[in-house]
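Data first, discussion second: the structure below is written as structure tokens.
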Amino acid sequence: MLAAREKRAEFERQALVHTDALYGAAYRLTRNPRDAEDLVQDALLRAYRFWDSFEQDSNCKAWLLRIVTNTFINEYQRKKRSREVLDAASAEQDATDGVLVHADASDRQTPERALLDRSVSDDVQRSLDALPDDFRTAVVLCDVQGLSYKEIAEIMHTPVGTVMSRLFRGRKLLAAALREFATTQGYVRDEAPKPGETADPKDKTIDLDAYRAQKSREGSS
Amino acid sequence: MSLCASIDTLSMAYLDDELAAEERRELELHLVDCASCKLHLDAERADLQLLRVALVPPPAPDTVKAKIARALDSEDQRAARAGRKRWARYALPATAVAAAAAALLLFVGIGMKQPHTQAIATVTHEVVRQQTRPLPLEVQGASTGSWLREHFAPVEPPQFDEPGIQLIGARATAVQGHDAALLRYLVNVGINRVSLTAVLIVDVRQDMLNGGEAVRIGNLTLHLADADGQPVVTYVDDKRIGYVFTSERMTMKELLSIVVTSDLIGRAQQQLR
Ligand SMILES: [Zn+2]
């Protein structure tokens, strides 16, 4: 029992202090406070169950973010699908069985909740909605969480070069969308594109390795 | 070489503090001489700052933190209970049947008062007990389906239409005197790969796998039970094949979310036609 209590205290000290950061990542990944709650809760419970596999002295926040991101990547779609199946099933049961108690009614169905859901679908969220998952994940891990290219590459199981190009294109698309919303809402005047921004970001090559390789070729010649 | 050609890459890595010290110095020197690159980098910096401000997320609501604390409490209780079972080799998952049902938007009939106390079927218990003995598989990979039809019964292994769930293999077994086949799947759960077992049992009565909480999904009636901390989902089809799904390291919520996306639902609907 003592060991269990120590585990809990240690987990609270090292992991739970990052709850806000994890929620922030989950919020930007799922783009929905309800899913963000589920995601961060699932991820932390999972981290707690697998706490003995965490290497002490390594970066706990990065470890937790990896669980959040993987849970999002691996299971978000699965979960969404199963929720659709269950929603359909419960609607059917509702129709055939008469009065039923909604097990989660207090949590999900209140008008306040609906209002909250609506008020956060702001410009940022809409811009994020438009991004492919891979781009959004790279941007969230870098610009919301401040992870390095290398840490992001490990989480996403891709080379650093891929992280850089996803990040570059994700940021460009996001900046353009934000600017567009701001313009249509009248927050800023419609400006001419800045220098270097006329080209489609897809046409630009972001490759630090190639730069370094060329550099070292020139240096040795 | 001219740095101008690589300014997109360099300014990005510079602003993200990913350049080596020497590369940074070289770029900074270049910016003194090259107005165009300087302009580019300043514009990128301004964009990035705006972006990062726009992306600042809200902090976690206190209700979330309270929920997490409660989830950890029940995980602790579950682990303590499981620790008293000699055969329980792992700290078992936390989410109680009721919580899983709540989270997955299940409807619970008013008449159902104490789902936890309902005895679970002896057959189910036997399956869970068997599963803790890691027996070798008799067949692996793609030939599992044909092995099943040849050695067991004219049934298909439950299929999950996604790459995260993989059928590893099967072995023949027996449960309470009934022929049975044990199918092993691997599932991506977070950063871990977790094994999921489906035991198919021939010639079972509709009520033999009852116990726990009954949940109807379409034409399918699943029973959700908690076998000493281990989640179990059971189902009997109209050919009297019983299905028992369980996993040592999953919560009921995780297990159920996987089972309901299997092709059993489609099969149940076909049987009615
Ligand atoms: Zn230049």
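Annotations
- Estimated distance in nm for a label pair at B:Ala80 and B:Ala5, the labels positioned 7 Å out from Cα along Cα-to-Cβ: 6.9 nm
- Probe 1.4 Å, accessible area per residue of segment B:163-226, Å²: 34 Å²
- Environment charge at B:Ala180 (Cβ cut-off 12 Å; Lys +1, Arg +1, Asp -1, Glu -1): -2
- Taking both sides together, the accessible area buried where B meets A is about 7100 Å² for a 1.4 Å probe.
- Drop in accessible area of at least 40 Å² in the complex versus isolated chain, residues of segment B:182-214, 1.4 Å probe: B:Asn188, B:Gly190, B:Ile191, B:Asn192
- Estimated inter-spin distance, B:Val53 and A:Asp52, nm [label 7 Å along Cα→Cβ]: 5.0 nm
- Listing of segment A:29-61 residues, each with accessible area lower by at least 50 Å² in the full protein assembly than in the chain alone (probe 1.4 Å): A:Glu37, A:Gln41, A:Leu45, A:Arg46, A:Tyr48, A:Arg49, A:Phe50
- For segment A:1-60, alpha-carbon Rg over 2.2 N^0.38 Å: 1.21
- In this calculation the C-beta distance from B:Asp228 to B:Ala35 is compared with R0 = 45 Å, giving a FRET efficiency of 0.05.
- Cα-Cα over 20 Å, subset of A:Lys150/A:Lys204; A:Lys7/A:Lys150; A:Lys61/B:Lys65; A:Lys7/B:Lys65: A:Lys150/A:Lys204; A:Lys7/A:Lys150
- Annotation: per residue accessible area for segment B:7-55 equals 52 Å², rounded to a whole number [probe 1.4 Å, protein chains only].
- Distance from segment A:1-31 to segment B:205-265 (C-alpha centre basis), Å: 31 Å
- Segment B:7-55 - percent of accessible surface contributed by carbon and sulfur, probe 1.4 Å: 55 percent
The values are calculated or read from the model by the stated rules, or taken from the named source; none is laboratory data. This is a predicted model, so every value here is computed, not measured. Virtual Cβ from ideal backbone geometry, glycine too; neighbours counted across all protein chains shown. Keep in mind that these areas ignore ligands, DNA and RNA; they rest on the heavy atoms of the full protein, side chains included. Shrake-Rupley method; radii C 1.70, N 1.55, O 1.52, S 1.80 Å.
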